[in-house]
1. Name the one entry in 94, 50, 101 that is at pLDDT 90 or above, within 12 Å of the chain's Cα centre (by Cα) and over 23 Å from residue 162 (Cβ atoms).
2. Going through the stretch 51-84 one residue at a time, which ones are among the aromatic types (Phe, Trp, Tyr), over 15 Å from residue 184 (Cα atoms) and in contact (Cβ under 8 Å) with a residue 60 or more places away in the chain?
3. Using the structure shown, decide if residue 119 is over 26 Å from residue 192 (Cβ atoms), of a type in the set (Val, Ile, Thr) and open to solvent by less than 50 Å² (accessible area, probe 1.4 Å).
4. Would it be correct to say that residue 172 is touching a helix residue (DSSP H, G or I) at 6+ places or on another chain (Cβ under 8 Å), of a type outside the set (D, E, K, R), open to solvent by 30 Å² or more (accessible area, probe 1.4 Å) and under 26 Å from residue 68 (Cα atoms)?
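The values are calculated or read from the model by the stated rules, or taken from the named source; none is laboratory data. Just so we're clear, the structure is a prediction, and the values are computed from it rather than from any experiment. Virtual Cβ from ideal backbone geometry, glycine too; neighbours counted across all protein chains shown. Surface accessibility is based on the protein's heavy atoms, side chains included, excluding ligands, DNA and RNA. Shrake-Rupley method; radii C 1.70, N 1.55, O 1.52, S 1.80 Å.
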Amino acid sequence: AAGPSALSWAPRTAASSAAGLQPAQSGLDQPGRRRPQWCMVRDAACAGFALQGVYLFILDDLSRSGFSLGEASFWFGAVNVVPLFGCPLFGWLADEEGPVAALLAGLLAAAVATPTILVSDERVFGAIPAIAGFALLWGATSALPGQLAPLILAKIVRSEKYGAALGAFFVVYGIAQAIGPIATGALADSFGGYKVPFIICALSFAIAAA
């Protein structure tokens, strides 16, 4: 018959084996790495507003700054091509550090990148380096909320509520994207250019990253 020490050892062995079978926590599962639901609503509103508040006016801003229509169209095209490389990069970051970290890094990068198009307007450091930096950094990061939100919501919302939560996120995101261009256009008309509305959009990205 097994002695007391053997009997007491067996449950611990079973528990230890079961623990060994548990999957390792991802970056998002670790304590302190979850994104509160109210933050996701704020992210949807601020990022959606800033995204379309800048994107739809890139061509007009560059044309007003002295770029030919062909040059402005080239850089606008670059903004749309860069996500082919930026999205896999931030997807890798989401795998390594969790989607919350990837989202916050992307929003902060978009906040920093947005004013660089204004530098190209002023031609302070040279228009081409400034607009190239804008195309690379802003193009790679500005749309990340719509790509990473489903991953984050899957972790913070119960499975039976996931569909409703995802739908609500994109309703807020879509409404904000509708408001952004209206606000940018009105402010551009009032101030005679895009400096004020683009700075507001940069701040909106920064608020989403907070």
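1. Working: 94 fails: over 23 Å from residue 162 (Cβ atoms); 101 fails: over 23 Å from residue 162 (Cβ atoms).
Going through 94, 50, 101 in turn, just one is at pLDDT 90 or above, within 12 Å of the chain's Cα centre (by Cα) and over 23 Å from residue 162 (Cβ atoms): 50.
2. If we filter the stretch 51-84 for residues that are among the aromatic types (Phe, Trp, Tyr), which is where we start, we get 55, 57, 67, 74-76.
Next, only the ones that are over 15 Å from residue 184 (Cα atoms) stay: 67, 74-76.
Within the stretch 51-84, 67, 75 meet the criteria.
3. no
4. Numbers: touching a helix residue (DSSP H, G or I) at 6+ places or on another chain (Cβ under 8 Å): yes; of a type outside the set (D, E, K, R): yes; open to solvent by 30 Å² or more (accessible area, probe 1.4 Å): yes; under 26 Å from residue 68 (Cα atoms): no.
No; evaluated as a whole, the condition is false for this residue.
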